[in-house]
Amino acid sequence: MTAFPGYPIVLTADRTLMAGYSLLFDGMLASSLTTAAPPGLVGRLVMPPAPLTDGRATVAPLGIRRIEAALREGGFTRDEVAVVPEEELPRAIGPRTCAVGICAGEPTGHGMNSTTMAGIAGGISYPHAHFTRLMATVRACRTAAAPKAKIILGGPGSWQLAGDAARRAALGIDHVVTGYAEGNALELFRALRLRDPLPAVIPGEAVPAEAIPPIVDGTTMGVVEISRGCGWGCAFCTLARVPMRHLPEELIVADVQTNLRAGMADIAVLSEDFFRYGAIGASVQPERVLGLLQWLRGLHGVGLLQIDHANARSVAGFSADELARVTRLLVGETGAELPWVNMGVETASGALLRRNGGGPKMGGVMDDEWGSFCAVQLRRLIRAGFLPMVSLILGLPGETPEDVEATLRWVEGFRGEPITIFPVLYAPVDGGAPLTVRALTRRHWQLIRAAYTYNFRWIPRLYRDNQAAVGVPPWKRLLFQMMGWGQAMQWRARFALHAGRARG
Amino acid sequence: MTQRAIPHLASALETAVAHLLSRREPEGFWRGRLSASALATATAVSALLLGGEAADRPLIRAGIAWLRAAQRADGGWGDTPESPSNLPTTLLVLAAFRLAGEPDSAADRRYAVARAGRTPAEWRAAILRSYGADRTFAVPILMHGALAGLTPWAGIPDLPFELAAVPRAWYPALRLRVVSYALPALIAVGLLLDDRRPPRHPLLRAARRLAAPRVLDTLARIQPEHGGFLEAAPLTAFVAMALIGRFGAAHPVARRCLAFLRDGVRADGSWPIDTDLSVWVTTNALTALGAAGALEAIDVPAMRRWVAARQYTAEHPYTGAAPGGWGWTHRPGGVPDADDTAGAMLALARLGETAPLAAGARWLRGLQNRDGGWPTFCRGWGRLPFDTSAPDVTAHAVRALRAAGVGDAARRRGMAYLEAAQGADGAWTPLWFGNQATADGTNRTYGTARVLRAYAVLAPDALAAHRGVAWLVGAQREDGGWGGGVEAPSTIEETALALSALADWPQAPGVAEALTRGTAYLLRRIEAGSWTISAPIGLYFARLWYDEALYPVVWTVEALGRMRHIFGEAVDR
């Protein structure tokens, strides 16, 4: 029997992007944990390996699936392109392999979530740690079986390596592609197949939304995208530099159906601003959003529909009735009582947000009304049945003690209400050093502790509720709750430790 | 002329404008961000090491760690983290390691050995060869190597520092082998070399003894208050090293140099090649916002005041330049130059502020060379490239004079220079921009695009203009973008500049299609989110590469703004 010669093109990602998650929130949890949490428990409970079919991954990050689809559309066959998890790489990479494509989320650990969690909890964020481990595996496989194969990296975290040739060399990466790349993926992989030279850093090229290729297999967490980009220019966000483009309903439905066929009944419907789907300029179109949800809800086998980001300005364009209809369509017959939505408030100080490019995000809201405007929209979401999940950024350039004070008061104003609030430490998106926990003041820590008072109360409930809705067995739900208690105890102790050391 | 609307152009422009606006400083201007530099970091670390202050040890450790992490796979170091290794930077880093007591391993030396040979004498010869007649940078590099014990003192060419004691007006006649901006290095490095290898001729020895106090006075007089010569870490570090080597760390000029270096370090342990290009990027940004019809988004009166306040109102001590010009930065180490003066004048004209233009125009006219072109800093200083007329600078200057409504004769002479400077293929080669992917490192797309902007307003029907347009159209790549030359891969920067230039000739053969394809390329990059990653196309003094984070953003806003006029508005859905 001859050894398998490998697939010509192998696509992969680290475990945090390719696990067998049950919920969208599992993925968020995985990206928030650090190696201070026991790897055995995290690996088995939070991010268990996804099932395989013929050694291939049944689920993979949407970005990988799009590249796979672009290659298949361009004439590559299933035998030429394989999407596999890390564990399968030794069997997938062989002498015939000419390219290993990697989707990276946190290759250097410079993202805001990683720097915040590692700073507070200690250890290394799992996305960073698992990426490092994946690269070691890829390098070893290449050395052993395909010394001439090129390693090409893309994905949402690729910007972290685009300006760092030395780090790329240390990781063994030959090429980095930045941004969406359906427009030139085919040409790049053809060149790699022919062993033609390519530049070290390759800018990705997009295709029009209507030409985005539909996926051919399931995605991690059943993720489908309904729009790309945001375009409002906030200085602290990479997607703010990409104008919002809405995918056609037919493409979204096709992607959902592919996921259903792959066994992913619970779908994550992603956008940088869910309520802006179909908007004309900044003018939201509630009927378009509701129409899409109705279409998806009507598909046979769809379970819980989960969304991630929304912006206060867009929520304001929906009536109370429309928001309630959105909630009902998301939940369907699953019985979920706490659908959540993430809203980037960033700071209660409108002036600070505007100074960091947030003017378009704020729309016509005056600086001193930004906090109260967001609070009103959050309470409207709560009344519509959502559990809002607010993100705040501490240490934005130009932040004053008064800004921190205003945000602290704003956080405290939600006492007794169903809400979660996650402050993260500012990290520049063009490189440069992130804010460290050492630079936080006592007031910052007071704000973090106030926010986590809500989180410690509501995250376990959210988890219980959402897990029950998607059919996670009771024993596993109990284990999650126990792990959550342990994490909460650990975090409370870390907060106390850091706050005690903080400057005035 | 309005051509068929391009879908999504309006929203892409809106996003690009929003991003540009988000990069402002709280005061409203743009600072930008220059790439980290191994060369600047190596020289800064070495100067701090020679300074011997215990408090600098954390900076030195962080700098060495950054250099270690920046080493390329071939064992060498490049100018920017995305630049290929080169010998001068590699030798400077090895010298820094030596001074820090870090053993430089065979792996560290392998690039230098492969490029220049095994012996220190071979390295010295290679450095001298790479800079030819220009000693501006070669001699300080060799001095740095000698201070670290890496290369020998013997064989380093002399720097005649005593010539800095003669009246400034005589400099052009002396035909110095260093460029005008390098006066501090001429003095400080020359003094150290004189100390280590005193001249044999008694008359020269005596002349130098007499000149030394005077040139040291000159050095102190031209040093900015914060200590940084030209805001440049390498130049300032070379001066510090030389003075410490000759007079010890207590020398007041050296102390101020070290203070500047401490102030300029970045959080990751690196130093950029220069502090910032704030005036340059701000005036470019204002012009771009004007082209995009987005000036209402900024506080125009405040920005008028900001730009106007950067105009020098007294003779500049560094170059002896008359009042009226602008430098590249708002910081004390800036020096007036023709490119930044032109940029500021064009931005002010766009903002409707005309009062400072007359003095600016006077200053520009005073700088014009006999050949009709404009140099960067000093008229007729010498024949080294950075002191002679340059097409990109000249094109900018004639546009500024036109905006000021003066200088007809000067403009005519400028245009004649541009015509003479055009290459046989119809392109122009700029001085201050290059492209690492072209065979000779030049960036003819930048040069041609910049010169065509001058032709568009001063001689649109000239044959030279049409040859330039034809070259630019022919240089467009298959993907619709432009690179630094016909053979270089497309970048956002060059594509945006080419589009902005061709927008003035929509009726010329091939231009309409080139604009459509070029705009489509920009939109693909913007929608992919890959449009803000800057390419190292900037050339600093001594042809050091740098990239500036704002270049792709500023030039994209300008290009899309101009394209909107051509293609009209299309409602995005």
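So here's what we get for this one:
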quantity	calculated
Residue mean of other protein chain beta carbons inside 10 Å, A:350-362	3
Heavy atoms of A:Lys476: accessible area, 1.4 Å probe, square angstrom to 10	40 Å²
B:Arg305 accessible area, assembled protein chains, probe 1.4 Å, Å²	150 Å²
Built amide H within the under 5 Å cut-off of A:Glu225, gap 5+	A:Leu270
On Cα atoms only, tilt of A:62-73 relative to the major axis of chain A in degrees	40 degrees
Long-range HN-HN contacts of A:Ile393 with modeled amide H, under 5 Å	A:Glu346, A:Thr347, A:Val424
FRET efficiency, 1/(1 + (r/R0)^6) with R0 35 Å, evaluated for A:Thr143 and B:Ala121 via beta carbons	0.35
Separation of alpha-carbon centers, segment B:501-535 and segment A:323-393, rounded to whole Å	37 Å
Accessible area per residue, Å², chain B with all protein chains present, probe 1.4 Å	35 Å²
Largest-first ordering by accessible area, 1.4 Å probe, given options A:Thr58, B:Thr354, A:Thr436	B:Thr354, A:Thr436, A:Thr58
Amide H within-cut-off set for A:Asn342, under 5 Å, with H built and near neighbours excluded	A:His309, A:Ala310, A:Met389
Distance between modelled label sites at A:Arg494 and A:Arg193, nm, 7 Å Cα→Cβ extension	4.6 nm
Crossing angle, helix A:320-331 versus chain A [Cα axis fit, 0-90 degrees, rounded to tens]	40 degrees
Listed residue (B:Ala465, B:Gly320, B:Ala148) projecting farthest to the positive dipole end of the protein assembly as shown, Cβ model	B:Ala148
Inter-chain shielding of B:529-539 (mean C-beta neighbours from other protein chains, 10 Å cut-off)	6
Spacing of the two label points (7 Å from each Cα toward its C-beta) at A:Glu369 and A:Arg91, in nm	6.2 nm
Total charge dipole magnitude, the protein assembly as shown, about the Cα centre, Cβ charges on Lys, Arg, Asp, Glu only, Debye to nearest 20	2500 debye
Cα-based equivalent ellipsoid of the protein assembly as shown: semi-axis lengths in Å, sorted from largest, via gyration tensor	51, 33, 29
Residue order for A:Met28, A:Met135 - accessible surface, 1.4 angstrom probe, largest first	A:Met28, A:Met135
Positive-end residue of A:Thr220, A:Pro388, A:Gly111, charge dipole of chain A with Cβ unit charges	A:Gly111
Inter-label distance, nm, simple model (7 Å from Cα along the C-beta direction), B:Glu296/B:Ala107	6.0 nm
Antiparallel %, DSSP beta bridges [both residues in the protein assembly as shown], to 5	30 percent
Solvent-accessible surface (1.4 angstrom probe) belonging to B:Arg517, in square angstrom, nearest 10	80 Å²
Equivalent ellipsoid semi-axes - Cα gyration tensor, segment B:278-408, angstrom	24, 15, 13
Alpha-carbon Rg with Dmax, taken over chain B, Å	23.8, 83
Residues B:Arg262 and B:Arg196, FRET efficiency given R0 of 25 Å [Cβ-Cβ distance, rounded to 0.05]	0.40
Computed magnitude of the charge dipole of chain B (debye, nearest 20; Cβ of K, R +1, Cβ of D, E -1)	1520 debye
Ellipticity estimate at 222 nm from DSSP helix runs (n ≥ 4, -39,500 (n - 2.57)) divided over the protein assembly as shown, nearest 500	-15000 deg cm²/dmol
Computed Kirkwood radius, in angstrom, where 1/r is averaged over Cα pairs of segment B:37-272	17.8 Å
Highest average packing first - A:70-76, A:84-90, Cβ atoms within 10 Å	A:84-90, A:70-76
Kyte-Doolittle mean at least -1.0 and Cα axial length at least 24 Å: DSSP H helices in chain B	B:202-222, B:511-528
√(5λ) per eigenvalue of the Cα gyration tensor, segment A:199-304, largest first, Å	24, 19, 12
3J(HN,Hα) from dihedral phi, segment A:468-483, Karplus parametrisation 6.51/-1.76/1.60, rounded to Hz, x for glycine, proline	5, 5, 9, x, 5, x, x, 4, 6, 4, 5, 4, 4, 4, 5, 4
Chain A: radius of gyration over Cα atoms, expressed as a fraction of 2.2 N^0.38 Å	0.95
Packing rank of B:235-245, A:352-362, where each peptide gets the mean count of other beta carbons within 10 Å, highest leading	B:235-245, A:352-362
Cβ-derived FRET efficiency at R0 30 Å, B:Asp217 paired with B:Arg305, nearest 0.05	0.25
Nearest-20 debye value, segment B:37-272 charge dipole, Cβ charges on Lys, Arg, Asp, Glu	680 debye
Shielding of A:160-166 by partner chains, average beta-carbon count, 10 Å	6
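The values are calculated or read from the model by the stated rules, or taken from the named source; none is laboratory data. Everything quoted here is computed from the prediction, not taken from an experiment. With ideal geometry, Cβ positions are generated from the backbone for all residues, glycine too; neighbour counts draw on all protein chains shown. In case anyone asks, the SASA skips ligands and DNA or RNA and just uses the protein heavy atoms, side chains included. Shrake-Rupley method; radii C 1.70, N 1.55, O 1.52, S 1.80 Å.
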